[in-house]
1. Roughly how many Å² is the accessible area per residue of the chain, as a whole number, for a 1.4 Å probe?
2. In degrees, nearest 10, range 0 to 90: what is the angle between the Cα axis of helix 111-124 and the longest Cα principal axis of the chain?
3. Identify all lysines with a Cα-Cα distance to residue 3 below 29 Å; exclude those on the same chain that are fewer than 8 residues away in sequence.
4. Just the Kirkwood number for segment 97-171, please: inverse of mean 1/r across all distinct Cα pairs, in Å, one decimal.
5. Leaving out ligands, DNA and RNA but keeping every protein chain, what accessible area does residue 199 have, in Å² rounded to the nearest 10, with a 1.4 Å probe?
6. Suppose each label sits 7 Å from its Cα in the direction of the beta carbon; what would the residue 6-residue 50 distance come out to in nanometres?
7. Can you give me the convex hull volume of the Cα atoms of segment 158-216, divided per residue and expressed in Å³?
8. Evaluate the charge dipole of segment 151-216 about its Cα centre and quote only its size in Debye, nearest 20, assuming +1 on the Cβ of each Lys and Arg and -1 on the Cβ of each Asp and Glu.
Amino acid sequence: MLKASNIYKSYGNLPILKGVDFTVEKGEIVSIVGASGAGKSTLLHIIGTLDKADQGEVFIDDTAIHRLSSKELSAFRNLHIGFVFQFHHLLPEFTALENVCIPAYIGGTKTDIAEKRAMELLDLLGVASRANHKPSQLSGGEQQRISVARALINNPKIILADEPSGNLDSENAAALHKLFFDLRDSMGHTFVIVTHNEDLANISDRTIHMKDGNIF
Ligand code: ADP
Ligand code: ADP
């Protein structure tokens with residue numbers, strides 16, 4: 001469902017990605033590992049349409065991402081790609097429920113429909129009782145579950161996560177990883193996850209190692 005071919009990316013004179021080829025099948029959970037500075041986040045941002053490659057092609061299903069204008073990219077990203085980051089980036093002045101609904105509102109979904117789906121997701125992720133809390137009133141593990149619900153609200157084709165458990169203790173990290181697998185098993189979600197967490201890398205369907213601007 002995702003195919004990146006011959007991806008090159010430099011910052012100034014510094015080559016970061018040197019002809020990376022990378023495919024992901026629907027329903028796969030793929031980890032990307034490698035030393036700090038290896039280019040993992042850069043690759044994730046390129047396949048997530050947050051950043052453009054200097055050269056190369058990225059297809060998500062039938063859409064040629066590399067051919068889209070920045071306006072088309074924003075719309076595509078909001079509808080079809082879910083992001084989970086190390087720091088959850090929840091908006092502090094909004095409740096958990098409102099945070100989850102935001103990508104749906106941006107996509108033009110009506111309030112009642114967005115809220116119904118958001119509540120279903122919060123329920124599925126075990127944080128329905130936290131719907132009306134502000135992020136500051138929630139634990140780190142709860143905040144990350146809310147950010148996963150936000151990533152899922154538009155039913156994206158793929159979920160991209162950058163160190164999603166990097167800020168969690170080992171118990172909450174294990175629970176978050178289990179959640180990813182439960183979502184995949186029940187709904188067929190596809191995940192690409194940059195991680196330093198060895199447990200997660202070990203249980204992933206596939207682990208990609210990045211080194212010297214390439215993958216192994
Ligand atoms: P990783 O995720 O593997 O730690 P990154 O993809 O974040 O690696 O970064 C790879 C290299 O690219 C690093 O040397 C980093 O400093 C550099 N880099 C990343 N983003 C930028 C940027 N926007 N401008 C300049 N250099 C960058
Ligand atoms: P890091 O990966 O450096 O630890 P975070 O996990 O906090 O940092 O993620 C911050 C990243 O969010 C930045 O690298 C930034 O590129 C990325 N970002 C950019 N645009 C968006 C967006 N539209 N939605 C979510 N995150 C975005």
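1. Details: 10430 Å² over 216 residues.
That works out to 48 Å² for each residue.
2. Long axis of 111-124 versus the principal axis of the chain: about 80 degrees.
3. Reachable lysines: 18, 26, 40, 52, 71, 157, 178, 211.
4. On the way: mean 1/r = 0.0786 Å⁻¹.
After inverting the pairwise mean of 1/r, the radius is 12.7 Å.
5. 110
6. A separation of 2.7 nm, rounded to one decimal place.
7. Taking only Cα atoms, segment 158-216 has a hull volume of 89 Å³ per residue.
8. Numbers: 5 positive and 10 negative charges, 65 e Å.
Taking the Cα centre of segment 151-216 as origin, the dipole is about 320 debye.
The values are calculated or read from the model by the stated rules, or taken from the named source; none is laboratory data. Fair warning: this is a prediction, and the values are worked out from it, not measured in the lab. Note that each Cβ is placed from the backbone with ideal geometry, even for glycine, and that neighbours are counted across all protein chains shown. Side chains included, ligands, DNA and RNA excluded: accessible areas come from the protein's heavy atoms. Shrake-Rupley method; radii C 1.70, N 1.55, O 1.52, S 1.80 Å.
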